[in-house]
1. Got a sec? Which residues in the range 336-361 would a label at residue 413 touch, if it sits 7 Å along Cα→Cβ and we count backbone N under 13 Å?
2. Can you compute 3J(HN,Hα) from phi for each residue in the range 342-348, using the Karplus curve 6.51 cos²θ - 1.76 cosθ + 1.60 with θ = phi - 60°, rounded to whole Hz and x for Gly and Pro?
3. Please give me the summed charge of the neighbours of residue 324: other residues whose Cβ is under 12 Å from its Cβ, Lys and Arg +1, Asp and Glu -1.
4. What spacing in nm lies between the two simple spin-label points modelled at residue 468 and residue 502, each 7 Å away from Cα in the Cβ direction?
5. Report, ordered by chain and residue number, the lysines lying within cross-link reach of residue 423, taken as a straight Cα distance under 28 Å and ignoring same-chain residues fewer than 8 apart.
6. Gain in length, residue 263 to residue 193, computed as 0.36 nm per residue apart minus the alpha-carbon separation, to one decimal in nm?
7. Net charge within 9 Å of residue 244 by Cβ-Cβ distance, Lys/Arg positive one each and Asp/Glu negative one each, not counting residue 244 itself?
8. Given a cut-off of 14 Å, what percent of all Cα-Cα pairs of the range 411-460 lie beyond it?
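Throughout, read-outs are computed from the coordinates displayed, never taken from laboratory work. What you see is a predicted model, and the numbers here were worked out from it, not measured in a lab. For neighbour counting, all protein chains shown are included, and Cβ atoms are generated from backbone atoms with ideal geometry for every residue, glycine included.
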Amino acid sequence: MDGIGDVTVGVKRGSDELSMYNSPNSGMSSISDGASNGSDSKKLRVEEAPPSRVLHIRKLPNEASETEVISLGLPFGKVTNILTLKGKNQAFLEMGTEEAAITMVNYYTTVTPHVRNVPVYIQYSNHKELKTDAGNQRTQAVLQAVTAVQSGGSPSSDVQEALAAASSPVLRIIIDNMFYPVTLDVLQQIFSKFGTVMKIITFTKNNQFQALLQFSDPVNAQQAKLALDGQNIYNSCCTLRIDFSKLVNLNVKYNNDKSRDYTRPELPAGDGQPSIDPSVAVAFSKDSNSLLGALSPLSAAAAAAAAAGRVALAGQTGSSGVLLVSNLNEEMVTPQSLFTLFGVYGDVQRVKILYNKKDSALIQMSDANQAQLAMSHLNGQKMYGKIIRVTLSKHQTVALPRDGLDDQGLTKDYANSPLHRFKKPGSKNFQNIFPPSATLHLSNIPQDVTEDDLRLLFSNTGGNVKAFKFFQDRKMALIQMSTVEEATQGLIDLHNYNMGGNQHLRVSFSKSTI
């Protein structure tokens, strides 16, 4: 995985204090941003800018096209405007919603974005919207064409050239958050939606599962990259990171579980061993028809067995399951509140709020996959009014205080907690991992509890209930708060709340809205 420190999130003071003025030559507004060539030469203090749907992108390669800049944002939602500053190697990208921009910044905090194999830097802009000339038809044409490609349409001839600019038909694919095994056949099924897949080679490099995949046409490779980069193969895991390879042709010697040349079925199998347990491969290939498809319980059970060690998953050896969480509200935060929130994304084993720095905590998850999942979903979210920062810690475990030593209850061991959501192999909870959202899913509701009871309960956590809906059996419901922060607070306060008769309420984030 690329170093987390490579991505600058947050704005250098002065770097985005922009003065806008019209440039009659360019057909769009120009922006002066006080930073030369996007360089980091001025050691200015980093100051957090509030989230904005306009993002400032720096250190772009000279030859980067608008299409490639737009493609950085596409996996996260609609891109509504773009302004490139060619001479400064910078660009401004306006997303359709602030939520999409936040998701994008959070993702690229953990995964360094690349344009033409060059790392680029993304941060929030101080501007809330981009004001470019309405007459700039070319930019709008590129936006519309690229959006059409993402939604499955065909690009216009105008943008065909821009798409073909990346001339390699070979993509380099890295899979992050590899919670479940990914096979060569899964990749073929996903990528063949965009054109003819000719060859695939899979391998492990830097402890990560990677693949090289060759299309018959570079335009198909560009369309696949635009649509799939940043997407998950399965719910909330197995994230695709896609770049163009410098290779233009792959040389495949064997057809087996690690490499395949679909144009030459007569190739020998060689001595390549199956890359994963065949029974698991079968379970997955049956269930991999659609990207983002939910796993069936059978496949989830097979995957859980694989994750438990029957099959070695590439990319996890030696990485830590411990997270460092900073910028916490030290007046409010407790080990229990951290256990509850991070427990949405994995089974928390131990929590330690640091004695000399009580706005920071170490959280030990049960493995590196769960740590990665929690980090990618919770970094940048608000907890008790503060935007928390989540990174991987260099610690391998969280130490308990020595016997007889009182650390004021700052360290808690949850190894045997009955509240772990993921301890049962094949649990449905594996399929219901979603980012923090304003809508919560409630379950285990007693029969005599009414909508008014639940509305009152969640209002008392300090939030405003906007909508509520019972499921048919009334054991489950959706409740929508006015903000993600309010919903997060409701989950922290009310997950495992005793509703009477020893029935404890179950609360998780939902992908639905009411």
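1. From the range 336-361, the list is 349-351.
2. Using θ = phi - 60°, the values come out as 6, x, 5, 10, x, 8, 6 Hz.
3. Net local charge, residue 324 excluded: +3.
4. Taking the simple label geometry, residue 468 and residue 502 are separated by 2.7 nm.
5. Within the straight-line limit of under 28 Å, residue 423 reaches these lysines: 286, 352, 382, 394, 412, 475, 511.
6. Between residue 263 and residue 193, full extension yields an extra 23.5 nm.
7. Numbers: positive: 116, 172, 225, 246; negative: 243.
Local charge sum for residue 244: +3.
8. On the way: 867 of 1225 pairs.
Counting every Cα pair in the range 411-460, those more than 14 Å apart make up 71 percent.
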